[in-house]
Amino acid sequence: MATIQLFISDTPLCFEKAEFTFMEETFVIEKQQLFEKVDAVMHQEVSSSLVSLVEKALLTLEAIGEEEDYFDLLYLTYENTRRSLSGQQLLAQPFPAVEAPCSRSLMSWQNRS
């Protein structure tokens, strides 16, 4: 299992960054993006950042030849690092776009096996 840390503050409402440590590598997407409210726009921005982090992790797995570790990415969890109410609201909604790169890579890996 792998965990992505989300840094979201309430006042001001800001998506600061997302951080993911996987296979001894740390991937960070710095945003410092302000929002007026937790809504679909903010959710999309967070989701896009999560997808980017997962894609970086997948590229790392492919580069080092550890494709069997794809399974760790299928059970991603998210941490509301700042323990903000806004972060809690965002994490109450699913991030289906994050699952897509993992599913594609897993199917590709299974076809090669």
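Could you work out [θ]222 nm for the chain from helices alone, using -39500 (n - 2.57) per DSSP H run of at least four and dividing by all its residues? Round to the nearest 500 deg cm²/dmol. Kindly include the intermediate steps, with their values, before the conclusion.
On the way: 4 runs with 54 residues, N = 113.
The helix-only estimate for the chain comes to -15500 deg cm²/dmol at 222 nm.
Considering only DSSP beta bridges with both partners in the chain, what is the antiparallel share in %, to the nearest 5?
Working: 14 of 19 bridges.
The answer is about 75 percent antiparallel.
For the chain, which whole percent of the accessible surface, found with a 1.4 angstrom probe, sits on carbon and sulfur atoms?
On the way: 3210 of 6480 Å².
Here it works out to 49 percent.
Could you tell me the ratio Rg/Rh of the chain? Both radii from Cα atoms, Rh via Kirkwood.
On the way: Rg = 14.6 Å, Rh = 14.5 Å.
Rg/Rh: 1.00.
Using a probe radius of 1.4 Å on heavy atoms only, what accessible surface per residue do you get for the chain? Whole Å² is fine.
Numbers: 6480 Å² over 113 residues.
Computed with neighbouring chains in place, this is 57 Å² per residue.
Rounding to the nearest 10 and keeping the result within 0 to 90°, find how far the Cα-based axis of helix 96-112 lies from the longest principal axis of the chain.
Between helix and principal axis, roughly 10 degrees.
Hey, what do the phi angles of the range 26-41 turn into as Karplus ³J(HN,Hα) couplings, whole Hz, using 6.51/-1.76/1.60 and θ = phi - 60°, x for Gly and Pro?
10, 10, 10, 10, 8, 10, 6, 9, 8, 9, 7, 7, 7, 8, 4, 5
Per-residue counts of other Cβ atoms within 10 Å, averaged by peptide: what ranking do you get for 8-20, 27-39, highest first? Could you put the intermediate results ahead of the total?
Details: 8-20: 17.5, 27-39: 13.7.
For the peptides 8-20, 27-39, the packing ranking is 8-20, 27-39.
The values are calculated or read from the model by the stated rules, or taken from the named source; none is laboratory data. Since the structure is predicted, the reported quantities are computational estimates derived from the model, not experimental observations. Because the Cβ atoms are built from the backbone with ideal geometry, glycine has one as well, and the counts that use them run over all protein chains shown. Surface areas here come from the heavy atoms of the whole protein model, side chains and all, with no ligands, DNA or RNA. Shrake-Rupley method; radii C 1.70, N 1.55, O 1.52, S 1.80 Å.
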